[in-house]
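Nothing in this text is a laboratory measurement; each read-out follows from the coordinates by a stated rule. Worth saying up front: this structure is predicted, and the values here are computed from it rather than measured. Methodologically, a virtual Cβ is constructed for each residue, glycine included, from the backbone with ideal geometry; neighbour enumeration extends over all protein chains shown.
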Amino acid sequence: MPKFRKKPVVIEAIQYTGKNQAEIISFTGNKAKTLGDQGTSIMIPTLEGDMYANAGDFIIRGVSGEFYPCKPDIFEITYEPAD
């Protein structure tokens with residue numbers, strides 16, 4: 001079976017703290033929406049449909065400008081600082 005390696009790519013991401021809703025909404029160009037009375041989760045429109053982020057999740061801007069949430073454990077395995 002042929003094997004493939006994921007190309008290195010630099011992405012932008014912000015971790016949702018549960019208190020930085022305005023920052024996430026701004027980051028997504030006002031596409032994200034808060035849910036619940038306390039804004040405890042955020043709805044992120046993705047290419048696959050609406051997905052939800054909870055505190056601790058990362059919101060990623062992909063290479064084509066799309067947005068999607070990522071659980072922190074997967075984010076830590078997949079990404080490292082690009083500085």
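The table that follows gives values for the structure above.
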| item | result |
| --- | --- |
| Ratio of Rg to Rh over the chain (Cα coordinates, Kirkwood Rh, two decimals) | 1.01 |
| Partners for Lys7 among lysines (Cα-Cα distance below 25 Å; same-chain residues under 8 apart left out) | Lys71 |
| Helix-only mean residue ellipticity at 222 nm for the chain, each DSSP H run of n ≥ 4 adding -39500 (n - 2.57), per residue, nearest 500 | -4000 deg cm²/dmol |
| Cβ-Cβ FRET estimate between Asn30 and Phe4, R0 fixed at 30 Å, reported to 0.05 | 0.25 |
| Within straight-line cross-link reach of Lys33, lysines at Cα separation under 17 Å, skipping those fewer than 8 residues along the same chain | Lys19 |
| Partners for Lys31 among aspartates and glutamates (Cα-Cα distance below 20 Å; same-chain residues under 8 apart left out) | Glu12, Glu23, Glu48, Asp50, Asp57, Glu66 |
